[in-house]
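Mind looking over this structure? Questions follow.
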Amino acid sequence: MLGGTYYRTYDNDGSGATKEADPATVSGFRLDKYDVTVGRFRQFVEIVLPAEGGVGWSPAAGSGIHGYLNGGLGLVNTANPGTFESGWVTSNESVVAPTDANLTSQGGTWTSSPGSQENLPMTGENWYEAYAFCIWDGGFLPSEAEWEFAAVGGNQQREYPWGSTAPGEGNQYAIYGDGNGNCYYPYDALADCNGVSNVAPVGTPTLGAGLWGQLDLAGEAWEWVLDGFSSYADPCINCGYLTDASWQVIRGGAYYEPLTYILPAYRYRLYPHSRAGDTGFRCARDP
């Protein structure tokens, strides 16, 4: 997708963006159309934890950066002005442990063997495993600014990723709920949320595509991004808050969240070691 400048903070009730603040500029990049699925993540687990035992794969030190930016230095690090993206740190290897026990410790979509959930978004991985997966898959975790750029439609500053049509209850635009324990999926009316049965195969709401074709940017599963959680730094030109933070940013909302949580500008946070059963991710790539 082409890059550009947009506002990270804004309101839009369907009649256009207002209260615009916190400008950000991102260069061109590619963002995966779908969340990483259980089936895709299973291939990664088999490499990291080989069935025959022995030393599994791990990312190389310094890998996973936006190497096409700033003469190969990557993103500007707003957590420490004058520095850039450091990439993978080898000490992270100790918390990359995608065992069956870990991946199911807080619910989620993982199963110990392939079954009916292979096309669901992978949830239950921690931030480090999401980061490592994207490196293994030839990409990197998107920065928060990049993820939001895709979700808001760049300078269109959309109300929802697909535009201003209300998502309704038919699972055509987004997989979401009312925030009070009721979900729309798999029915076209609110029913009690029961966890994984309310999570749809990735790409189910086909009318919910963003400007560049990505699906499930609203609802379905929260998504890890690269940044630690902090107030926005202005201006942001190919930037990220890149430090060992107490919290990492998650974006997009989940299958049980209300409309206010699935709006493109909404941001939330989670401990990077967390294995939340409602949090997945997608990868970004060089342009």
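If you scan the stretch 80-103, which residues turn out to be touching an Asp or Glu at 6+ places or on another chain (Cβ under 9 Å) and hydrophobic (A, V, I, L, M, F, W, C)?
Residues satisfying the conditions are Val89, Val95, Val96, Ala97, Leu103.
Of all residues in the stretch 206-223, how many are aromatic (Phe, Trp, Tyr) and assigned to a loop (DSSP other than H, G, I, E, B)?
Residues flagged as aromatic (Phe, Trp, Tyr) and assigned to a loop (DSSP other than H, G, I, E, B) within the stretch 206-223 amount to 1.
Here is a further query. What residue, among those in the stretch 248-271 that are assigned to a loop (DSSP other than H, G, I, E, B) and among the hydrophobic types (A, V, I, L, M, F, W, C), is nearest to Thr83 (Cα to Cα)?
Taking the candidates together, the pick is Ala265.
Given the conditions (1) part of a loop (DSSP other than H, G, I, E, B); (2) of a type outside the set (Asp, Glu); (3) in contact with a strand residue (DSSP E or B) (Cβ under 8 Å, 6 or more places away or on another chain); (4) under 16 Å from Leu226 (Cα atoms), and given that Pro59 satisfies all but one, which numbered condition is not satisfied?
The number of the failed condition is (3).
Could I ask something else about it? Quick test for you: out of Tyr255, Tyr261, Tyr241, Tyr232, pick the one residue that is buried (at least 17 other Cβ atoms within 10 Å of the Cβ), in contact with a Cys (Cβ under 7 Å, 6 or more places away or on another chain) and of a type in the set (Ser, Thr, Tyr).
Result: Tyr255 is the single residue among Tyr255, Tyr261, Tyr241, Tyr232 that is buried (at least 17 other Cβ atoms within 10 Å of the Cβ), in contact with a Cys (Cβ under 7 Å, 6 or more places away or on another chain) and of a type in the set (Ser, Thr, Tyr).
Still on this structure: Say we look at the stretch 54-73 and pick out the residues that are closer than 19 Å to Ser94 by Cα and either at pLDDT 95 or above or surrounded by 16 or more Cβ atoms within 10 Å (Cβ to Cβ) (or both); which of these is nearest to the chain's Cα centre (by Cα)?
Among residues in the stretch 54-73 that are closer than 19 Å to Ser94 by Cα and either at pLDDT 95 or above or surrounded by 16 or more Cβ atoms within 10 Å (Cβ to Cβ) (or both), the one nearest to the chain's Cα centre (by Cα) is Gly64.
Go through the stretch 1-44 and report how many residues are of a type in the set (A, V, I, L, M, F, W, C) and without any contact (Cβ under 8 Å) to a residue 12 or more places away in the chain.
Summing the residues that are of a type in the set (A, V, I, L, M, F, W, C) and without any contact (Cβ under 8 Å) to a residue 12 or more places away in the chain in the stretch 1-44 gives 0.
Which condition number does Ala245 fail, the rest of (1) at pLDDT 95 or above; (2) in a loop (DSSP other than H, G, I, E, B) being met?
(1)
Looking at the stretch 33-53, can you tell me whether even one residue there is crowded, with 16+ Cβ neighbours inside 10 Å, more than 22 Å from Ile135 (Cβ to Cβ), touching a strand residue (DSSP E or B) at 6+ places or on another chain (Cβ under 9 Å) and at pLDDT 95 or above?
Scanning the stretch 33-53, I find no residue that is crowded, with 16+ Cβ neighbours inside 10 Å, more than 22 Å from Ile135 (Cβ to Cβ), touching a strand residue (DSSP E or B) at 6+ places or on another chain (Cβ under 9 Å) and at pLDDT 95 or above, so the answer is no.
Considering only residues of the stretch 98-115 that are touching a Gly at 6+ places or on another chain (Cβ under 6 Å) and buried (at least 16 other Cβ atoms within 10 Å of the Cβ), which is farthest from Gly56 (Cα to Cα)?
Gly108
Here is a follow-up. Can you tell me which residue among Glu85, Glu118 is surrounded by 16 or more Cβ atoms within 10 Å (Cβ to Cβ) and within 30 Å of Pro205 (Cβ to Cβ)?
Glu118
The values are calculated or read from the model by the stated rules, or taken from the named source; none is laboratory data. Computed from a predicted model, the values in this text were never measured in an experiment. Quick reminder, even Gly has a Cβ in these numbers, built from the backbone with ideal geometry, and neighbours come from all protein chains shown.
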